[in-house]
Amino acid sequence: MIEEGFILLQYLTTFIILYPKKNNILYQILFKQIQHLINFLLNKQKIYQEFLFTILIIGMYVLLNAANLLCCFGSSIMVPFFPVFASDREIGLDTVGWIFALFPFGMFIASLILGKVQNDNNRPWIMTTSVFVQAIQLFIIGALYYIENTYIIIYVAGICRFIEGFSNAMFTTPFYAFIQQLYPDEVEEKIAYSEIYTGIGYMGGPFFGSLLYWIGGYTMPFYTFALLCVGVGFVLLKNYDGLKKAKQQETQLGIQEQQEEQEESKLVEPEIGYLAVCKKYSILVHILSTIIASISYTFYQPIYSDYFKSQYDIDSDQSGYFYCVLAIFYAIGSLAVSYVKKYKPFYIYFSMVLMGYLEFYSGPDKYFTNLDHNLWTMMAAQSISVFFSTYPYILAIPQMNEIIMVYYPNSPTGSTNISSAIYNACQAIGEFFGPIAGGYLAENYGFERACSVLGIFMIFGAVLYAPYLFIMKS
């Protein structure tokens, strides 16, 4: 580009010298050459800026996925250790279930708020703050080890789980909206890749947590991941303006003219209301599929490590490795979803049916399967179920966004914000009722029968979803 600049300078010098003789043929040829060279330089500059813009977007996407990975680390380390710790403090499984349920409750409240208030300007600040909040609550959960009073442990743990859920939504709700805006034609693929990070995070939390637990006891995993969250928070803080710069370059280069159309239509567009969207059957069935998938993840949180201890005499530091197996299958399933390009509702439907069937073998429940307790049967059923749970979980958000866009075609930003908020709220509802139901059913009817009840609920959800397969084209 520097060489072309010198050539342009030479042309301009000659052009000025020949200016008094404008009718000269050399002058006219030179004038056309200057025009071509200027256009060439402008196009070259635009390509260069587009390249920088692409690098910036990819860098922010990778950085946010790394932060998401660490948030999942922090959220998952409580699963294999806290139930056993609570049992030592004489806290029942049903109470542990309520403590775990406060995480999605905080997530639900935050998702609905953020769906209305987030925008391109405050989105980076919201996500950065969430990581620091995550670090604070991890420090507090670790410090509970030094407290003997049962009531203090219950109340403080419950508050921390609520705050953790709120901060989790502060990150994921803007994150999913960010993906839908920057990759409108690759939403399923990009969310699937992000869910691979999520699966690795939920795998790495129990795995590395078990190693840290073995090294330093209960407090070590929580303190270590809290410090890591602080480090990532400062990295995000340093790159705070990354998303803003991305949006500014979007507008300057004209890569997404949709941005300008959204700004022009804000004053005339009617606001998209939650009630108006959620009362539509096509949205309701995807709300249900998301809730079912979320329940399948959190149902076992308060009962998993206790069941391993009571049934197979496997300690909590070892049960974390079994939990990692499920996270591995979740990551593999997320990768598989990225290749789904059509027939998405059919994938969602058949996944729910298969998940429901496999839950009867997740105990296994001898009444329904005529099988005795078997660790490998249980792990195989749950691993396959987790693999297929990624289909209704990941495919739901682009499906909802597409449906909302049908009703609000001139409001793409509002559609992505609302679909992201509804998706996170549904995820929170499932994660709220999952631990409560799991703790209650396991406490009163046993682990095996609890799994069967979950399977019946999943099959019922598939029955409700089935009519959508016939009416989706309309």
### Query
Could we say that Met400 is modelled with pLDDT of 80 or more, surrounded by fewer than 19 Cβ atoms within 10 Å (Cβ to Cβ) and either over 19 Å from the mean Cα position of the chain (by Cα) or hydrophobic (A, V, I, L, M, F, W, C) (or both) here?
no
### Query
In this structure, is Ala462 within 24 Å of the chain's Cα centre (by Cα), surrounded by 19 or more Cβ atoms within 10 Å (Cβ to Cβ), in contact (Cβ under 8 Å) with a residue 40 or more places away in the chain and part of a helix (DSSP H, G or I)?
yes
### Query
In region 349-404, which residues are of a type in the set (Asp, Glu) and part of a helix (DSSP H, G or I)?
Glu359, Glu402
### Task
Would you point out the residue of region 368-389, among those that are modelled with pLDDT of 85 or more, of a type in the set (S, T, N, Q) and farther than 15 Å from Val325 by Cα, that is most open to solvent (accessible area, probe 1.4 Å)?
Asn370
### Task
Please list, ordered by first then second residue, the pairs with beta carbon atoms under 7 Å, 6 or more apart or interchain, first in region 69-89 and of a type in the set (Lys, Arg), second open to solvent by less than 10 Å² (accessible area, probe 1.4 Å) and in a helix (DSSP H, G or I).
Arg89/Ile153
## Note on the structure
Residue hits (region 408-434; open to solvent by 20 Å² or more (accessible area, probe 1.4 Å) and aromatic (Phe, Trp, Tyr)) are Tyr408, Phe432, Phe433
### Task
Could you list all residues from region 435-449 that are within 15 Å of Phe308 (Cα to Cα) and either hydrophobic (A, V, I, L, M, F, W, C) or open to solvent by 40 Å² or more (accessible area, probe 1.4 Å) (or both)?
Ala442, Glu443, Phe447
### Task
Evaluate the following for Tyr304: is it surrounded by fewer than 24 Cβ atoms within 10 Å (Cβ to Cβ) and either hydroxyl-bearing (Ser, Thr, Tyr) or closer than 23 Å to Thr416 by Cα (or both)?
no
#### Entry: Condition met for Lys245 (modelled with pLDDT under 80, among the charged types (D, E, K, R), open to solvent by 50 Å² or more (accessible area, probe 1.4 Å) and over 16 Å from Leu138 (Cα atoms))
yes
### Query
Can we say Tyr274 is at pLDDT below 80 and buried (at least 21 other Cβ atoms within 10 Å of the Cβ)?
no
### Message
Quick check on region 334-367: of everything there that is of a type in the set (Gly, Ala, Ser) and at pLDDT 85 or above, which residue is surrounded by the most Cβ atoms within 10 Å (Cβ to Cβ)?
### Response
Ser362
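The values are calculated or read from the model by the stated rules, or taken from the named source; none is laboratory data. Owing to the predicted nature of the structure, the values given are computational and were not obtained by experimental measurement. Counting neighbours? That spans all protein chains shown, and the Cβs are built from the backbone with ideal geometry, glycine included. Protein only, heavy atoms only, side chains kept; ligands, DNA and RNA dropped before computing areas. Shrake-Rupley method; radii C 1.70, N 1.55, O 1.52, S 1.80 Å.
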